[in-house]
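First up is the structure itself, then whatever we jot down about it.
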Amino acid sequence: MDITVEKVEHYAQMLGEMSLQFGVKFLLAVVVYLIGNFIINKAINLIELALNKKKVEVTLHRFLLSIAATLFKAIQIIIFASMIGIETASLIAVLGAAGLAVGLALQGSLANFAGGVLILLFRPFKNGDAIEAQGYVGVVEEIQIFNTILKTFDNQRIIIPNGLLSNGCVKNINVNGTRRVDMVFGISYDDDLTKAKQILRDLIEADERVLKDKPVDIWIGSHGDSSINIFVRPWSKAEDYWGIYFDMMENVKLTFDKEGISIPYPQRDVHLHQVAAK
(Lines give C-alpha, C1' and ligand atoms only; values in the text may rest on other atoms or scores of the structure.)
Protein backbone atom coordinates (compact mmCIF):
# COMPACT_ATOMS: atom_id res chain seq x y z
CA MET A 1 0.00 0.00 0.00
CA ASP A 2 1.57 3.19 -1.16
CA ILE A 3 1.40 6.16 1.12
CA THR A 4 2.09 9.36 -0.70
CA VAL A 5 3.00 12.67 0.78
CA GLU A 6 -0.36 14.03 -0.32
CA LYS A 7 -2.23 11.37 1.67
CA VAL A 8 -0.15 11.99 4.75
CA GLU A 9 -0.84 15.68 4.52
CA HIS A 10 -4.57 14.96 3.98
CA TYR A 11 -4.75 12.69 7.02
CA ALA A 12 -2.82 15.17 9.09
CA GLN A 13 -5.18 17.94 8.03
CA MET A 14 -8.22 15.78 8.94
CA LEU A 15 -6.67 14.89 12.27
CA GLY A 16 -5.94 18.51 12.97
CA GLU A 17 -9.51 19.55 12.13
CA MET A 18 -10.95 16.79 14.30
CA SER A 19 -8.65 17.70 17.16
CA LEU A 20 -9.61 21.33 16.79
CA GLN A 21 -13.33 20.48 16.77
CA PHE A 22 -12.94 18.17 19.77
CA GLY A 23 -10.86 20.77 21.57
CA VAL A 24 -13.53 23.43 21.02
CA LYS A 25 -16.23 21.03 22.20
CA PHE A 26 -14.16 20.03 25.22
CA LEU A 27 -13.41 23.61 26.20
CA LEU A 28 -17.07 24.55 25.80
CA ALA A 29 -18.08 21.52 27.89
CA VAL A 30 -15.60 22.51 30.60
CA VAL A 31 -17.00 26.05 30.64
CA VAL A 32 -20.54 24.70 30.92
CA TYR A 33 -19.37 22.29 33.64
CA LEU A 34 -17.87 25.14 35.67
CA ILE A 35 -20.98 27.29 35.20
CA GLY A 36 -23.01 24.24 36.28
CA ASN A 37 -20.93 23.97 39.45
CA PHE A 38 -21.72 27.59 40.28
CA ILE A 39 -25.45 27.10 39.63
CA ILE A 40 -25.53 23.86 41.64
CA ASN A 41 -23.84 25.49 44.63
CA LYS A 42 -26.33 28.37 44.51
CA ALA A 43 -29.25 25.92 44.23
CA ILE A 44 -27.95 23.84 47.17
CA ASN A 45 -27.59 27.00 49.26
CA LEU A 46 -31.16 28.04 48.45
CA ILE A 47 -32.45 24.58 49.36
CA GLU A 48 -30.51 24.69 52.62
CA LEU A 49 -31.94 28.12 53.47
CA ALA A 50 -35.47 26.84 52.79
CA LEU A 51 -34.89 23.77 54.99
CA ASN A 52 -33.47 25.94 57.78
CA LYS A 53 -36.48 28.25 57.53
CA LYS A 54 -38.81 25.24 57.80
CA LYS A 55 -36.72 23.95 60.76
CA VAL A 56 -36.49 20.53 59.17
CA GLU A 57 -35.11 17.78 61.40
CA VAL A 58 -31.30 17.49 61.12
CA THR A 59 -31.22 13.94 59.73
CA LEU A 60 -33.73 14.71 57.00
CA HIS A 61 -32.00 18.05 56.35
CA ARG A 62 -28.70 16.35 55.54
CA PHE A 63 -30.35 13.55 53.60
CA LEU A 64 -32.31 15.91 51.34
CA LEU A 65 -29.22 18.02 50.66
CA SER A 66 -27.27 14.88 49.77
CA ILE A 67 -30.02 13.66 47.41
CA ALA A 68 -30.28 17.08 45.73
CA ALA A 69 -26.51 17.37 45.29
CA THR A 70 -26.26 13.84 43.84
CA LEU A 71 -29.11 14.48 41.41
CA PHE A 72 -27.65 17.79 40.22
CA LYS A 73 -24.20 16.24 39.79
CA ALA A 74 -25.62 13.34 37.77
CA ILE A 75 -27.41 15.76 35.42
CA GLN A 76 -24.23 17.83 35.15
CA ILE A 77 -22.12 14.80 34.19
CA ILE A 78 -24.65 13.64 31.59
CA ILE A 79 -24.67 17.11 30.00
CA PHE A 80 -20.85 17.20 29.98
CA ALA A 81 -20.59 13.75 28.37
CA SER A 82 -23.18 14.67 25.74
CA MET A 83 -21.34 17.89 24.83
CA ILE A 84 -18.02 16.10 24.17
CA GLY A 85 -19.73 13.58 21.92
CA ILE A 86 -20.34 10.59 24.19
CA GLU A 87 -23.64 8.81 23.46
CA THR A 88 -25.76 9.10 26.62
CA ALA A 89 -29.15 7.87 25.42
CA SER A 90 -28.30 4.20 26.07
CA LEU A 91 -26.82 5.04 29.48
CA ILE A 92 -29.93 6.98 30.50
CA ALA A 93 -32.16 4.13 29.32
CA VAL A 94 -30.17 1.58 31.34
CA LEU A 95 -30.23 3.78 34.44
CA GLY A 96 -33.97 4.32 34.02
CA ALA A 97 -34.66 0.59 33.69
CA ALA A 98 -32.46 -0.15 36.72
CA GLY A 99 -34.23 2.54 38.72
CA LEU A 100 -37.63 1.11 37.79
CA ALA A 101 -36.59 -2.41 38.80
CA VAL A 102 -35.21 -1.21 42.13
CA GLY A 103 -38.33 0.88 42.73
CA LEU A 104 -40.63 -2.12 42.15
CA ALA A 105 -38.51 -4.34 44.38
CA LEU A 106 -38.42 -1.79 47.19
CA GLN A 107 -41.86 -0.21 46.83
CA GLY A 108 -42.74 -0.92 50.47
CA SER A 109 -39.53 0.64 51.73
CA LEU A 110 -39.93 3.57 49.36
CA ALA A 111 -43.46 4.16 50.67
CA ASN A 112 -42.07 4.22 54.21
CA PHE A 113 -39.29 6.56 53.11
CA ALA A 114 -41.77 8.93 51.46
CA GLY A 115 -43.92 8.78 54.60
CA GLY A 116 -40.91 9.65 56.75
CA VAL A 117 -40.09 12.63 54.55
CA LEU A 118 -43.69 13.90 54.78
CA ILE A 119 -43.77 13.46 58.57
CA LEU A 120 -40.45 15.26 59.07
CA LEU A 121 -41.45 18.06 56.69
CA PHE A 122 -45.01 18.75 57.84
CA ARG A 123 -44.52 17.61 61.47
CA PRO A 124 -48.00 16.33 62.42
CA PHE A 125 -46.21 15.16 65.56
CA LYS A 126 -42.70 15.48 67.00
CA ASN A 127 -40.45 13.82 69.53
CA GLY A 128 -42.07 13.86 72.96
CA ASP A 129 -45.67 14.04 71.70
CA ALA A 130 -48.15 11.45 72.95
CA ILE A 131 -50.01 9.99 69.97
CA GLU A 132 -52.53 7.26 69.19
CA ALA A 133 -51.99 5.47 65.88
CA GLN A 134 -52.42 2.00 64.40
CA GLY A 135 -54.01 0.76 67.63
CA TYR A 136 -51.13 1.93 69.86
CA VAL A 137 -50.84 4.81 72.32
CA GLY A 138 -47.45 6.09 73.37
CA VAL A 139 -44.87 8.86 73.40
CA VAL A 140 -42.84 9.48 70.25
CA GLU A 141 -39.21 8.65 71.04
CA GLU A 142 -37.69 8.99 67.58
CA ILE A 143 -38.79 9.73 64.01
CA GLN A 144 -36.51 7.91 61.58
CA ILE A 145 -36.53 7.97 57.79
CA PHE A 146 -38.38 4.65 57.50
CA ASN A 147 -39.98 4.13 60.95
CA THR A 148 -41.31 5.98 63.97
CA ILE A 149 -40.53 4.59 67.42
CA LEU A 150 -43.10 4.87 70.23
CA LYS A 151 -42.71 4.18 73.93
CA THR A 152 -46.01 3.06 75.42
CA PHE A 153 -47.08 4.10 78.89
CA ASP A 154 -46.32 0.59 80.18
CA ASN A 155 -42.74 0.92 78.81
CA GLN A 156 -43.03 -1.10 75.61
CA ARG A 157 -41.16 -0.15 72.45
CA ILE A 158 -43.35 0.02 69.33
CA ILE A 159 -41.90 0.49 65.83
CA ILE A 160 -44.45 1.70 63.24
CA PRO A 161 -43.58 2.06 59.51
CA ASN A 162 -43.90 5.66 58.38
CA GLY A 163 -45.97 4.65 55.36
CA LEU A 164 -48.79 3.60 57.69
CA LEU A 165 -48.54 6.78 59.75
CA SER A 166 -48.52 9.13 56.76
CA ASN A 167 -51.56 7.44 55.18
CA GLY A 168 -53.53 6.62 58.34
CA CYS A 169 -55.26 8.50 61.14
CA VAL A 170 -53.02 9.79 63.93
CA LYS A 171 -54.37 11.34 67.12
CA ASN A 172 -51.92 13.81 68.67
CA ILE A 173 -53.01 13.74 72.27
CA ASN A 174 -51.09 16.62 73.84
CA VAL A 175 -50.26 18.91 70.90
CA ASN A 176 -52.58 21.69 72.17
CA GLY A 177 -51.22 21.74 75.70
CA THR A 178 -54.64 21.51 77.39
CA ARG A 179 -57.28 18.77 77.47
CA ARG A 180 -60.83 18.38 78.67
CA VAL A 181 -61.19 15.59 81.21
CA ASP A 182 -64.42 13.78 80.33
CA MET A 183 -65.93 11.82 83.24
CA VAL A 184 -69.30 10.21 83.93
CA PHE A 185 -70.65 9.45 87.41
CA GLY A 186 -73.89 7.57 88.04
CA ILE A 187 -76.14 8.04 91.05
CA SER A 188 -79.32 6.32 92.10
CA TYR A 189 -82.72 7.64 91.04
CA ASP A 190 -83.54 7.97 94.76
CA ASP A 191 -80.53 10.17 95.62
CA ASP A 192 -80.45 13.95 95.97
CA LEU A 193 -79.41 15.16 92.50
CA THR A 194 -78.60 18.73 93.55
CA LYS A 195 -76.43 17.53 96.41
CA ALA A 196 -74.53 15.15 94.16
CA LYS A 197 -73.80 17.88 91.62
CA GLN A 198 -72.55 20.21 94.36
CA ILE A 199 -70.24 17.49 95.74
CA LEU A 200 -68.77 16.98 92.27
CA ARG A 201 -68.24 20.72 91.80
CA ASP A 202 -66.56 21.06 95.21
CA LEU A 203 -64.18 18.20 94.42
CA ILE A 204 -63.28 19.73 91.06
CA GLU A 205 -62.70 23.20 92.51
CA ALA A 206 -60.51 21.77 95.27
CA ASP A 207 -58.11 20.22 92.74
CA GLU A 208 -55.38 22.77 91.97
CA ARG A 209 -54.51 21.02 88.70
CA VAL A 210 -57.88 21.97 87.18
CA LEU A 211 -57.58 25.11 85.04
CA LYS A 212 -59.50 27.92 86.71
CA ASP A 213 -59.77 30.11 83.60
CA LYS A 214 -61.99 27.59 81.81
CA PRO A 215 -65.58 26.72 82.77
CA VAL A 216 -66.36 23.37 84.37
CA ASP A 217 -69.45 21.76 82.84
CA ILE A 218 -71.54 19.54 85.14
CA TRP A 219 -74.85 18.38 83.76
CA ILE A 220 -77.22 15.46 83.56
CA GLY A 221 -76.04 13.44 80.59
CA SER A 222 -78.56 10.61 80.45
CA HIS A 223 -81.15 8.58 82.30
CA GLY A 224 -79.67 5.12 82.42
CA ASP A 225 -81.35 1.80 83.12
CA SER A 226 -80.29 1.91 86.77
CA SER A 227 -78.74 5.36 87.30
CA ILE A 228 -78.84 9.07 86.60
CA ASN A 229 -75.58 9.76 84.77
CA ILE A 230 -73.84 13.06 85.51
CA PHE A 231 -71.29 14.32 82.99
CA VAL A 232 -68.34 16.25 84.46
CA ARG A 233 -66.05 18.23 82.10
CA PRO A 234 -63.14 20.14 83.72
CA TRP A 235 -60.05 21.31 81.80
CA SER A 236 -56.41 20.60 82.63
CA LYS A 237 -52.91 20.69 81.23
CA ALA A 238 -52.21 17.70 79.02
CA GLU A 239 -49.73 16.20 81.49
CA ASP A 240 -52.28 16.40 84.36
CA TYR A 241 -55.10 14.64 82.50
CA TRP A 242 -54.73 11.14 83.94
CA GLY A 243 -53.83 12.35 87.42
CA ILE A 244 -57.10 14.30 87.67
CA TYR A 245 -59.09 11.45 86.11
CA PHE A 246 -57.86 8.73 88.46
CA ASP A 247 -58.00 10.93 91.57
CA MET A 248 -61.59 11.93 90.78
CA MET A 249 -62.61 8.28 90.37
CA GLU A 250 -61.35 7.57 93.87
CA ASN A 251 -62.41 10.80 95.60
CA VAL A 252 -65.95 10.72 94.21
CA LYS A 253 -66.51 7.17 95.45
CA LEU A 254 -65.19 7.97 98.94
CA THR A 255 -67.14 11.24 99.20
CA PHE A 256 -70.37 9.76 97.85
CA ASP A 257 -70.13 6.94 100.42
CA LYS A 258 -69.53 9.49 103.19
CA GLU A 259 -72.45 11.68 102.11
CA GLY A 260 -74.88 8.81 101.58
CA ILE A 261 -74.99 9.05 97.77
CA SER A 262 -75.07 5.61 96.19
CA ILE A 263 -73.40 4.59 92.95
CA PRO A 264 -75.73 1.96 91.52
CA TYR A 265 -74.69 -1.01 89.46
CA PRO A 266 -76.74 -2.98 86.96
CA GLN A 267 -79.09 -5.41 88.70
CA ARG A 268 -82.01 -7.59 87.76
CA ASP A 269 -85.06 -8.37 89.87
CA VAL A 270 -86.28 -11.97 89.71
CA HIS A 271 -89.90 -12.63 90.68
CA LEU A 272 -90.91 -16.18 91.63
CA HIS A 273 -94.52 -17.27 91.20
CA GLN A 274 -95.75 -20.40 92.87
CA VAL A 275 -98.12 -22.43 90.80
CA ALA A 276 -100.68 -24.48 92.73
CA ALA A 277 -100.49 -28.21 92.06
CA LYS A 278 -103.51 -29.70 90.36
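Data overview
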quantity: Cα gyration tensor, the range 129-172 - rounded (a/c under 1.5), prolate or oblate; calculated: oblate
quantity: With all protein chains modelled, accessible area of Leu110 [1.4 Å, Å²]; calculated: 90
quantity: Reach of Lys237 by Cα under 22 Å, taken over lysines that are not fewer than 8 positions away in the same chain; calculated: Lys126, Lys151, Lys171, Lys212, Lys214
quantity: Rounded to whole Hz, the Karplus (6.51, -1.76, 1.60) HN-Hα couplings of the range 36-41, x for glycine and proline; calculated: x, 4, 4, 5, 4, 4
quantity: Under-5 Å amide H pairs with Gly221, H placed in peptide plane, nonlocal only; calculated: Asn229, Ile230, Phe231
quantity: Karplus-derived HN-Hα couplings along the range 232-241 (A = 6.51, B = -1.76, C = 1.60, θ = phi - 60°), whole Hz, x at Gly and Pro; calculated: 10, 9, x, 10, 8, 5, 4, 6, 9, 4
quantity: Cross-link partners of Lys25 among lysines (Cα-Cα below 27 Å; sequence separation of 8 or more within a chain); calculated: Lys7, Lys42, Lys73
quantity: Long-range HN-HN contacts of Val181 with modeled amide H, under 5 Å; calculated: Trp235, Ser236
quantity: Tensor-based shape of the range 222-263 (alpha-carbon gyration tensor, a/c under 1.5 rounded, otherwise prolate or oblate); calculated: oblate
quantity: Förster radius 41 Å - calculated FRET efficiency between Lys151 and Lys25, Cβ distance, rounded to 0.05; calculated: 0.10
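The values are calculated or read from the model by the stated rules, or taken from the named source; none is laboratory data. From a predicted model like this one, the values you see are computed outputs, not experimental measurements. Positions of Cβ are backbone-derived with ideal geometry, glycine not excepted, and every protein chain shown enters the neighbour counts. For the accessible areas, the whole protein counts, side chains as well, though only heavy atoms, and no ligand, DNA or RNA atoms are used. Shrake-Rupley method; radii C 1.70, N 1.55, O 1.52, S 1.80 Å.
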